[in-house]
1. Pick from GLY116, GLY103: which is more than 25 Å from the chain's Cα centre (by Cα) and not in a helix (DSSP H, G or I)?
2. Considering segment 145-170 alone, what residues qualify as being open to solvent by 80 Å² or more (accessible area, probe 1.4 Å) and more than 13 Å from the chain's Cα centre (by Cα)?
3. Hey, any hits in segment 189-197 for a residue that's surrounded by fewer than 14 Cβ atoms within 10 Å (Cβ to Cβ), aromatic (Phe, Trp, Tyr) and assigned to a helix (DSSP H, G or I)?
4. Would you say ARG26 is among the basic types (Lys, Arg), in contact (Cβ under 8 Å) with a residue 24 or more places away in the chain and open to solvent by 30 Å² or more (accessible area, probe 1.4 Å)?
5. Within segment 71-80, track down each residue that is within 15 Å of the chain's Cα centre (by Cα), under 18 Å from ASP107 (Cα atoms) and surrounded by fewer than 19 Cβ atoms within 10 Å (Cβ to Cβ).
6. What single numbered condition from (1) out of contact with any helix residue (DSSP H, G or I) (no Cβ under 7 Å at 6 or more places or on another chain); (2) under 30 Å from LEU1 (Cα atoms); (3) of a type in the set (A, V, I, L, M, F, W, C); (4) free of Cβ contacts under 8 Å to residues at least 60 places away in the same chain fails to hold for PHE159?
7. Tell me whether segment 55-66 contains one or more residues that are modelled with pLDDT of 95 or more and part of a strand (DSSP E or B).
8. Do you know which residues across segment 227-256 are among the acidic types (Asp, Glu) and open to solvent by less than 50 Å² (accessible area, probe 1.4 Å)?
Amino acid sequence: LQVVTGEGELVSCSATNNRALFDAARSGLGQFGLIVRARVRLIAAPPNARLYHAFYSSLPAFLSDLEKLIDDGRFDTVQGFAVPDGAGGWLFQLETTKYFSPGDEPDDASLLSGLGFNPGTQSAQDMTYFDYLNRLAPLVAFLRQIGVWDFPHPWVNLFVPAANAQTFIGETLSNLTVDDVGQGPILIYPFNREFFRAPFFRVPDSRHFFVFALLRNAVPPTPERASELVAANRILFERVLTLGGKRYPFDSVPMTKHDWQKHYQPLWGAFVSAKRHFDPDQILTPGPSIF
C-alpha cells in the first residue's frame, strides 16, 4: 500500500515493510491514513459460473448447511438470504456458485448431495463470469428508475457467532416484517474466522460466524422513519454484543466512545497508539467520533 498519513507523509507499507502502518491502514476506518495506491495480487478469472439456488423452511438446517459448505469447499462462493414466504414468515435461500470451463461442467448431483433444502426448490443457471459478477446491475437500474435507490438506507450489519446465530437470527426475524426492511434484502453469510487476519477487523471469537445484515430502505423516506430504524438498529447491536457478536462498522448504528473501546478490545491500546503515531493531531476521519 501507499498511504498518506495524518502528518501528510506518503509512506509505502506491506506485510514486510512498515508493518505497523500496513496493519493500521487496513480496516482502520480511515483513522490513520488515506490509502492512495494498492498493489493487489490477481489470479486468472474463470470463463463461466453456475449459480445455484435452493430454499429452506428450517433455520437450523439452513445455518448448518452454510457452515458445512464453507468447510468442505465444494462451492466457490456460499451466501444466504432470508426472504418473505408470502404468509408473514420467512424462507431461507441458499445461493452458491461453482466456476468452470466449457467441457468441464459441474456435477450438480454431487455438489447438492447431503444438503437439507426443501426438495424440488433447487435450481441452477449457467452464465459467463462477467455476467455473474454483473448480475445485480438490472436490479440497480430498476431501483434507480422507480426512485427507491435514493431513499435513506439505515442498514445494520452484525457479526454473529455460529453458536448463537440460531437464537439471534430466529428471534430477530420473528419480530420483523417486510415493512421493517422496506423490501431491502436480509443477508446471512457464513465465514471462517481463520481468514480474517487484519488486526483491526474485529470479528467474534468463534471458528465460524455469520454476517446478519438488514439492508433496510426507509419507507416512507422521511427523517422520522429513518430515525426509527436507526434506533431499532441500536437495539439489535446491543443484543448481539451480549451474545459475543460484533458490528461490521459500515452501517447505521449510533456508537459512543465507550462502544468503540469495547469494539476494539483487546486491541484498543494498540488502536490509540497507532492514532497518536500516524495522526497525532486527529485530522483524519472525525465522523465516527472514535476518539
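1. None of the other options fit; the residue is GLY103.
2. Within segment 145-170, GLN145, ILE146, TRP149, ASP150, ALA163, GLN166 meet the criteria.
3. Taking every residue of segment 189-197 in turn, at least one turns out to be surrounded by fewer than 14 Cβ atoms within 10 Å (Cβ to Cβ), aromatic (Phe, Trp, Tyr) and assigned to a helix (DSSP H, G or I).
4. So ARG26 fits the description; yes.
5. THR77
6. Failing condition for PHE159: (4).
7. Yes, some residue in segment 55-66 is modelled with pLDDT of 95 or more and part of a strand (DSSP E or B).
8. Listed by number, the list holds a single entry, ASP251.
The values are calculated or read from the model by the stated rules, or taken from the named source; none is laboratory data. This structure is a prediction, so every number in the text was calculated from the model and none was measured. Heads up, the Cβs are rebuilt from the backbone with ideal geometry, glycines too, and the neighbour counts pull from every protein chain shown. Heads up: the accessible areas ignore ligands, DNA and RNA and are worked out on the full protein's heavy atoms, side chains in. Shrake-Rupley method; radii C 1.70, N 1.55, O 1.52, S 1.80 Å.
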